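Encoded as structure tokens, the structure appears first; notes follow it.
The values are calculated or read from the model by the stated rules, or taken from the named source; none is laboratory data. Source: prediction; values computed, not measured. Positions of Cβ are generated from backbone atoms using ideal geometry, with glycine treated the same way; all protein chains shown enter the neighbour counts.
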Amino acid sequence: MIGEEKSLVSLPTLPRKKQIAFALLVFERMLPSLTAFSKDTGFDDSCYLRARDAAWSVLQNSPDRDIDQSLNEACLNNAPDTDAFSHELTSHALNAALAMSDTLEFILDHRPDHIVYVSTLATDSVHLYLSRLSPSVVSSSVEDKKIAEHPLMQQELSRQEEDIKFLAGLPDQFDSETVSALRERARTQAPLLPAAH
């Protein structure tokens, strides 16, 4: 999507911790879908919550070695299987799980494509949600254009752009006050999807 590409241009130029913070802000918006899915299906989301806490710890100057490959493997291996679940939030829960896995991957290998993918997973979830509101037999370019222009999609693209601007304005060295401001921003944002409360 053109709007998505425009908002993400400056993302790879942000310092590493700011990229982690961006991924966490996006993940926190996606998390309510995973939580609701877990409550309804009995799915164990604990590894994603542990991974989230570990990623936040990295922002607090915890060493990267606190994130180990086994935690990431657990997140990948335990991701909700769309063939095993028929719940309406399965794909959204899977996208949230993958977003956390990509956040961990970025912490481990520093490749910015992981952070861009987190953004894509969020917009894919919004796209899926909107396409289910008005399902058509064939996905057309007209339908895709409608979805791209829908207020919910525009809201998420704007939030990602605002997150990047917010992060760009923070000091490069994170102290406890900076991390507290980030946590407050994460805590007070609305969930990605209206259905996930």
Tally of residues being acidic (Asp, Glu) and in contact (Cβ under 8 Å) with a residue 24 or more places away in the chain across the stretch 140-192: 4
Tell me, which helices (runs of 4 or more DSSP H) wholly within the stretch 15-122 include 2 or more residues that are over 16 Å from Asp163 (Cβ atoms) and free of Cβ contacts under 8 Å to residues at least 24 places away in the same chain? 46-59, 69-77, 90-109
Please determine whether any residue of the stretch 133-140 is in a helix (DSSP H, G or I), of a type in the set (Ser, Thr, Tyr) and over 25 Å from Ile67 (Cβ atoms). no
Residue satisfying condition, being more than 14 Å from the chain's Cα centre (by Cα) and crowded, with 16+ Cβ neighbours inside 10 Å, within set Leu104, Leu130: Leu130
Looking at the stretch 61-81, is at least one residue at positive phi, of a type outside the set (Asp, Glu) and surrounded by fewer than 19 Cβ atoms within 10 Å (Cβ to Cβ)? yes
So Asp66 clears everything in (1) acidic (Asp, Glu); (2) at pLDDT below 95; (3) closer than 30 Å to Arg132 by Cα except one condition, right? Which one? (3)
Filter the stretch 159-189 down to the residues that are over 21 Å from Ala55 (Cβ atoms) and surrounded by 13 or more Cβ atoms within 10 Å (Cβ to Cβ) and list them by number. Glu161
Residues to consider are Thr13, Thr41; find the one that is closer than 25 Å to Arg159 by Cα and β-branched (Val, Ile, Thr). Thr13
